[in-house]
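Below: the structure, in C-alpha cells.
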Amino acid sequence: MNNDECSAWECILRLTLLLGVLISGCSGPLQQSVSRFEFLTPKPFGYVIGDEIAHRIVIDTRAGVELNNNTLPKPGELNRWLTVNRVEHAQSKTGQGMRHIIDIRYQVFYAPLEVKMLTIPGFSVQFKQGAQTIEQAVPDWHFTISPLRELAVRKDDGGEYMRPDAPPSRLSNREAKWRLFASLFVVALSVLYLTYLYGYLPGLPRRGIFKRAQRQLARLPERDLATALSVVHHALNTLNRKPLFQHKLNEFYRNQPDYRQLAGELNDFFDLSNRFFFADYGDIGRDDFGKIERLCRSCREVERGGR
C-alpha cells in the first residue's frame with residue numbers, strides 16, 4: 001500500500017469520526033428536549049358500558065419546543081366501542097421550559113357478556129424544535145369491563161322473574177319539623193301578645209283599651225259629641241267586661257280600684273252622656289269635647305300605671 005492510499009483511508013476515517021461526533025451532538029439535545037413524561041390513569045377495573053375514563057398526560061419540555069396539536073386524538077369515534085368525548089391541552093411556564101398538560105376523556109360503549117379486558121390504543125405526541133421533530137410515545141392502557149345483566153334469565157315457578165326495585169332512601173324531615181314547630185311557637189306568642197294587648201286575658205290588666213280610644217277621638221271632629229261619648233262608653237264597657245252604668249260605678253271601683261281616683265271625672269262624664277242622649281242636650285261646646293278627651297287621657301295614664 002502506497003502513501004496515497006494510506007492518506008485516502010486516513011481521510012475517510014477522520015470524516016467518519018467527525019460525522020459520528022456531529023450525530024451524537026445533535027441527538028443529545030433531542031433526547032433532552034423532554035425532561036418529564038407522566039401518564040396519569042384511573043383504576044383499570046370496575047367499568048361498565050357508558051362509563052367515562054379520564055387520562056392525563058404531563059410533559060415538560062425545554063424552551064423553544066412546541067407541541068403539534070394535530071398529533072393529539074380528535075374528539076369522535078376511535079373504534080366501534082370507544083369514543084373520545086373531550087381533549088384539552090394547557091401549557092404553562094416552568095423554571096427552564098414549558099409544561100404541557102393533556103386531558104383526554106374517553107367513553108366506553110362495549111356491552112360484554114362477561115368480564116373482559118379492553119385496550120385504549122396509545123399514540124405519539126409530536127413536538128417541533130426548529131426544523132427538527134421530536135416524538136413522545138403514549139403507551140396503550142388496558143382495563144377490564146363488566147356486564148350489566150345476567151348471562152341467563154332466571155324464572156320463578158310461575159315462569160316470570162322480576163327483581164323488586166330498590167326502595168329509595170328517605171329524605172330527612174327533621175329540619176322541616178323544627179321549622180314548623182318554631183313557626184307555630186312564634187304564631188302562638190303573637191296571638192298571646194295580641195290577646196294581652198286587646199285585654200282578652202282574664203285576670204290581667206288591659207293596657208290597650210284607652211290607647212285605642214284616644215286614637216279614635218283624635219280622628220273625630222270636635223262637634224261629633226255622640227261618637228266621642230260612644231267611644232269612651234265602649235272603652236269603659238270593655239274594661240268592665242259588661243255594660244257600665246252610672247249607678248254601677250261603686251261596683252266598678254271595687255273591681256278596678258285604680259280608677260277610683262277618677263270618680264269625679266267619671267261622674268261628670270255620665271252626667272254629660274245622660275243629658276246628651278236622654279235630655280235633648282243640644283248646647284254642644286268645645287269644652288264638652290275637651291272634657292271627654294281629658295277623661296280618656298286620664299284613663300290611659302291609669303291604664304299604663306302612671307297614676
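The values are calculated or read from the model by the stated rules, or taken from the named source; none is laboratory data. In this text the structure is predicted, and so the values were computed from the model without any measurement. Heads up, the Cβs are rebuilt from the backbone with ideal geometry, glycines too, and the neighbour counts pull from every protein chain shown. Heavy atoms of the whole protein, side chains included, go into the accessibility calculation; ligands, DNA and RNA do not. Shrake-Rupley method; radii C 1.70, N 1.55, O 1.52, S 1.80 Å.
For Ala63 and Met117, what does the FRET efficiency come to when R0 = 45 Å and r is the distance between their Cβ atoms, rounded to the nearest 0.05? Write down the numbers at each step before the final one.
Values: r = 41 Å, r/R0 = 0.92.
In this case the efficiency is close to 0.65.
Equivalent ellipsoid semi-axes for the stretch 62-157, as square roots of 5 times the alpha carbon gyration tensor eigenvalues: give them largest first, rounded to whole Å.
The three semi-axes for the stretch 62-157 are 41, 12, 11 Å.
Check which residues have an amide H placed less than 5 Å from Asp224's amide H, if you skip close sequence neighbours.
Sorted by chain and number, the residues that satisfy this come to none at all.
Give me the accessible area per residue for the stretch 231-301, probe 1.4 Å, as a whole number in Å².
Normalised by residue count, the accessible surface of the stretch 231-301 is 58 Å².
How many Å³ per residue does the convex hull of the Cα positions in the stretch 210-307 occupy?
Value for the stretch 210-307: 90 Å³ per residue.
Quick check: at a probe of 1.4 Å, how many percent of the accessible area of the stretch 40-152 sits on carbon and sulfur atoms?
Roughly 50 percent of what the probe reaches on the stretch 40-152 is carbon or sulfur.
With an 8 Å Cα cut-off and a minimum separation of 6 or more residues, compute the relative contact order for the stretch 67-123 in percent.
30
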